[in-house]
Amino acid sequence: MVKGPAAGDFVKRWGCLLEELYEKVASAADEVRHLYDKNAMAAAGIRDDDDFRSMMFLDACFLVQYMVMEGGSDEIDESLRGFLSPNRIDILHDVLLLENQLPWKVVQTVMSFMSMSTIPKEFARNMRYCMLPDYFEREQFLQKHFAWDPSYNPPHLLGLLRYYVVGRSNDTKYDDPPKPKNVLFSMSAMELATIGIKLTANETMELIDMRLNLGGICAKLSLAPLTLDSDSASLLVSMAALELCTVESFSKAKGEDSAVCSYLTLLSMLMYREEDVHKLRERDILRGGLGLTNEEALRFFTSFQGMRFGPGYRRMMKQIQSYRERSWMKTKFIAFCNNHKKSIFKVVSGITLVATITGTSVGILAGLKSLKAAH
């Protein structure tokens, strides 16, 4: 059991009295006790308030120590780091699970005994860009885009991370598309290409930032890029679970309240075959070569098919169908070109060859005429 030593190291490192720390955490635990179902707690072996306080104390100390390590700080015992570091993937998965969330008030109580006030900021900062593969690129975006909001009071760690991964957006900045005759609910990446819609990675890296940019020969469907590995997969699944469990009606809620579900549903809609996954890698939506294989990525995203549609996803589908209906001549022309690429290439190559031969022949005749004129 590593939680006991984690709490002991916390007390020793920060020079606080165990009794004082426990008393403060117990007081915070009493305030949040009503959030927990008594029957569920009893089934987990939590029989009374003392058991609950002890659980909150040990779990909160362990979580803070883990956050310290993940934030890159040296303020942690080496033997404890020796356990946490090799098991970080499994620990991260556990601390992100919706059912394992600790009320933030309890976590804050533990952190109030530390001189380091930036622990949640550094942890959220690192997790915010766990989806980006390149260290230099990640640092560049951290410096440019990560803005800590000290006024935000999250319900728990998962809520904190979701706040910074999703981004904040006013729904009114998106223009409502003209109402299409028919509403699509799925179209693969390969099918989008056949009607002249290119996939592009957005620059904000925020999941809520999904849009269809018109103009030029092709429209561009822009969404956040993603490196899919065990960390980002755990984070995405847990954030989606949080939205599904806390938002009763997606249609009546703000777009950011279901942004993760909309993002995952859109990606699941784009991927039906491994060729679609490859297409998203080509377009820089799925990044990095050290994450999941195409087959694993396809299995991961198709598991979200059938999930509730968020307003962000519905808006994108309306925009795509509206574009398809209003630009039907262009989309048919692009589709024709895509379907007959080989034939068109042969014709163009033939025309080029004929033009080259004709040009050469004309040049030879002109040369002969000039020679004849000279004599």
What's the number of the only condition in (1) under 29 Å from Ala240 (Cα atoms); (2) modelled with pLDDT of 90 or more that Met69 fails to meet? (2)
On the given criteria, is Ser238 polar (S, T, N, Q), under 19 Å from the mean Cα position of the chain (by Cα) and surrounded by 21 or more Cβ atoms within 10 Å (Cβ to Cβ)? yes
Cβ pairs under 8 Å, 6+ apart, first in the range 114-126 and outside any helix (DSSP H, G or I), second of a type in the set (A, V, I, L, M): Met114/Val64; Met116/Val68; Ser117/Met111
Report yes if some residue within the range 289-307 is at pLDDT 90 or above, in a helix (DSSP H, G or I), within 26 Å of Leu160 (Cα to Cα) and polar (S, T, N, Q); otherwise report no. no
On the given criteria, is Leu212 in a helix (DSSP H, G or I), more than 16 Å from Phe309 (Cα to Cα) and touching a strand residue (DSSP E or B) at 6+ places or on another chain (Cβ under 8 Å)? no
Filtering the range 75-90 down to residues that are under 20 Å from the mean Cα position of the chain (by Cα) and among the β-branched types (Val, Ile, Thr) yields Ile89
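Which one of these is modelled with pLDDT under 90, of a type in the set (Asp, Glu) and assigned to a helix (DSSP H, G or I): Asp231, Asp257?
One residue alone meets the criteria, Asp231.
Only one residue in Leu102, Leu58 is of a type outside the set (Asp, Glu), touching a helix residue (DSSP H, G or I) at 6+ places or on another chain (Cβ under 6 Å), not assigned by TED's automatic domain parsing to the domain that holds Met239 and not in a helix (DSSP H, G or I). Which one?
On the way: Leu58 fails: not in a helix (DSSP H, G or I).
Selected residue: Leu102, the only one of Leu102, Leu58 that is of a type outside the set (Asp, Glu), touching a helix residue (DSSP H, G or I) at 6+ places or on another chain (Cβ under 6 Å), not assigned by TED's automatic domain parsing to the domain that holds Met239 and not in a helix (DSSP H, G or I).
Determine which member of the set Thr331, Thr360, Thr352 is assigned by TED's automatic domain parsing to the domain that holds Ser249, of a type in the set (Ser, Thr, Tyr), at pLDDT below 80 and assigned to a helix (DSSP H, G or I).
Thr331
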Given (1) of a type in the set (D, E, K, R); (2) assigned to a loop (DSSP other than H, G, I, E, B); (3) modelled with pLDDT of 90 or more, number of the condition Asp74 does not satisfy: (3)
Single residue of Pro86, Pro103 found to be exposed (fewer than 15 other Cβ atoms within 10 Å of the Cβ) and either at pLDDT 90 or above or in contact with a strand residue (DSSP E or B) (Cβ under 8 Å, 6 or more places away or on another chain) (or both): Pro86
Suppose we filter the range 255-274 for residues that are in contact with a helix residue (DSSP H, G or I) (Cβ under 6 Å, 6 or more places away or on another chain) and either surrounded by fewer than 19 Cβ atoms within 10 Å (Cβ to Cβ) or not assigned by TED's automatic domain parsing to the domain that holds Arg315 (or both); how many remain? 1
Pairs needed: first member in the range 77-92, in a helix (DSSP H, G or I); second member anywhere, among the polar types (S, T, N, Q); C-beta distance under 6 Å; at least 6 residues apart or different chains. Ile89/Ser230
I'd like the full set of residues that are surrounded by 15 or more Cβ atoms within 10 Å (Cβ to Cβ) and of a type in the set (Lys, Arg), limited to the range 1-32. Lys3, Arg13, Lys24
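The values are calculated or read from the model by the stated rules, or taken from the named source; none is laboratory data. The structure displayed is predicted, hence computed values, not measured ones. As a convention, Cβ positions derive from the backbone with ideal geometry for all residues, glycine included, and neighbour counts pool all protein chains shown.
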